[in-house]
Structure formats: C-alpha cells, structure tokens
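The values are calculated or read from the model by the stated rules, or taken from the named source; none is laboratory data. None of the values given here were measured: they were computed from a predicted structure. Note: ideal-geometry Cβ built from the backbone for every residue, glycine included; neighbour counts use all protein chains shown. Ligands, DNA and RNA are stripped out before the accessible areas are found, and what is left, the full protein with its side chains, is counted by its heavy atoms. Shrake-Rupley method; radii C 1.70, N 1.55, O 1.52, S 1.80 Å.
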Amino acid sequence: MTGTRDRAGREPGPGTRQRTAAATPDSKPSGGGFRQRHSATTAAAPQVEAATAYDREAVVALWRTCDLTRPWNDPDRDFLQAVSGATSAVLVVRDGEGVTGSVMVGFDGHRGWVYYVAVHPKARRAGLGRALMAAAEEWLISREAPKIQLMVREGNEAATGFYEALGLKRQPVVTFGRFLGRVV
C-alpha cells in the first residue's frame, strides 16, 4: 500500500477511517445522555457514546471476535445488565460498518470497574482503545468514583502493556474467587 504516512511513519491501515472522521450512528439515542468526544492521536477523535439494547448483537459479536468471552460468562446477559443498570454502561465507538470498539464500565459505590475493553482487530492502532478508556474514566469521574480498576488475565502481555502505557499501575492485591452454582 502506498500513500500518505501518519506522524509515526506508518502507512494507513484498516483503522484509518477512525483517524480521519468520527462516525455518527443512525440508531436509537444513547442512554444516560452520554455522548462525548475524546482525543486520540489526531484532531478527528473517535465518537464514544453509550450503547443501547439495540447494540447487543454487534457488541457481543465484537467481544467474541476479540476473544473476551468465556464459557462461564453469558456475554448477552452481561451486556443487557450493564446497559439497563443505573450504575453501569457499555460505551461504544462506531464506524460506517458498525461497532468497532467497546468498554463496559460500572461503579459499585467504592471503585470503578472496567471490563470487555475491545477494539476490532482491523481498527487497532488508531487510538480507539485510548478513547474508550478515557470515556470510561470520564463516566466514573462523573459518578464520583475515586478509583478505576480492571483485571487482566495472567500472561496477557499486550493488554498489560496497553494499560501501563495509559498510566494504570499493577495493584498489590491478589484476586480470590470461586464459581457459584453450576459452571458451564
């Protein structure tokens, strides 16, 4: 591919559309009035907005594409609970073809939590992950959450590096858990 290179000297890739134009969806209005522009690597920032129940199929498909689902979690239920809850949301980025990024965010009254951070593989390296995390932080700040936390599966160095680059720090805690009821 030949053409104009970005500031880092890379040729435009599949995520180029996000760098040059923010898409506006034709779907139902976003919940909670959340609609915010966030800066990315260029002046034209991705549009991040709250998902609605109408986005369930596209968002769950994205989570599956990004290998974020596990047999013991029902992603459809996770999505619907988050978009219908008063203390949670799913935020999305769209392009002309649909949802290209998402983050689930919630506030338990003590800490803000982030789950399902996903950017479609064809749209990566365009600042969408940063924009989604900035939107999640704004969502939490607007609810007076004092801290943001997330979990990364052991061995996922790509995710660890991404979060460290955003200024998140490893926490001196150990997570304990067990399944309740029947495991799929």
### Summary
residue 112 passes all but one of the listed conditions (1) farther than 24 Å from residue 174 by Cα; (2) crowded, with 22+ Cβ neighbours inside 10 Å; the exception is number (1)
### Message
It is to be established whether one or more residues within segment 148-157 are farther than 24 Å from residue 45 by Cα and assigned to a helix (DSSP H, G or I).
### Response
yes
### Task
Can you tell me which residue among 160, 175 is free of Cβ contacts under 8 Å to residues at least 12 places away in the same chain and among the hydroxyl-bearing types (Ser, Thr, Tyr)?
160
### Message
Going through 106, 129 one at a time, which residue ends up being of a type outside the set (Val, Ile, Thr), within 20 Å of residue 167 (Cβ to Cβ) and touching a Phe, Trp or Tyr at 6+ places or on another chain (Cβ under 7 Å)?
### Response
129
### Query
Of the residues that sit in segment 128-159 and are modelled with pLDDT of 95 or more and β-branched (Val, Ile, Thr), which one is nearest to residue 112 (Cα to Cα)?
148
### Message
I'd like the residue in segment 138-147 that is among the hydrophobic types (A, V, I, L, M, F, W, C) and in a helix (DSSP H, G or I) and, out of all such residues, is surrounded by the most Cβ atoms within 10 Å (Cβ to Cβ).
### Response
139
### Message
Pairs please, first residue from segment 81-100 and closer than 13 Å to residue 49 by Cβ, second anywhere and surrounded by fewer than 20 Cβ atoms within 10 Å (Cβ to Cβ) and aromatic (Phe, Trp, Tyr), Cβ atoms under 8 Å, 6+ apart in sequence or on different chains.
### Response
89/34; 91/34
### Query
What tally of residues in segment 155-183 results from selecting those that are under 21 Å from residue 71 (Cα atoms), open to solvent by 90 Å² or more (accessible area, probe 1.4 Å) and not aromatic (Phe, Trp, Tyr)?
4
### Summary
For residue 89, the lone unmet condition from (1) more than 23 Å from residue 165 (Cβ to Cβ); (2) not in a strand (DSSP E or B) is (2)
#### Entry: residue 46 vs. criteria within 26 Å of residue 142 (Cβ to Cβ), open to solvent by less than 10 Å² (accessible area, probe 1.4 Å) and at pLDDT below 90
yes
### Query
Is segment 66-73 home to any residue that is more than 19 Å from residue 153 (Cβ to Cβ), open to solvent by less than 70 Å² (accessible area, probe 1.4 Å), in contact (Cβ under 8 Å) with a residue 24 or more places away in the chain and among the hydrophobic types (A, V, I, L, M, F, W, C)?
no
### Query
Would it be correct to say that residue 34 is of a type outside the set (Gly, Ala, Ser), under 15 Å from residue 135 (Cα atoms), at pLDDT 95 or above and open to solvent by 20 Å² or more (accessible area, probe 1.4 Å)?
no
#### Entry: Among (1) among the aliphatic types (A, V, I, L, M); (2) at pLDDT below 95; (3) open to solvent by less than 40 Å² (accessible area, probe 1.4 Å), the one test that residue 90 misses
(2)
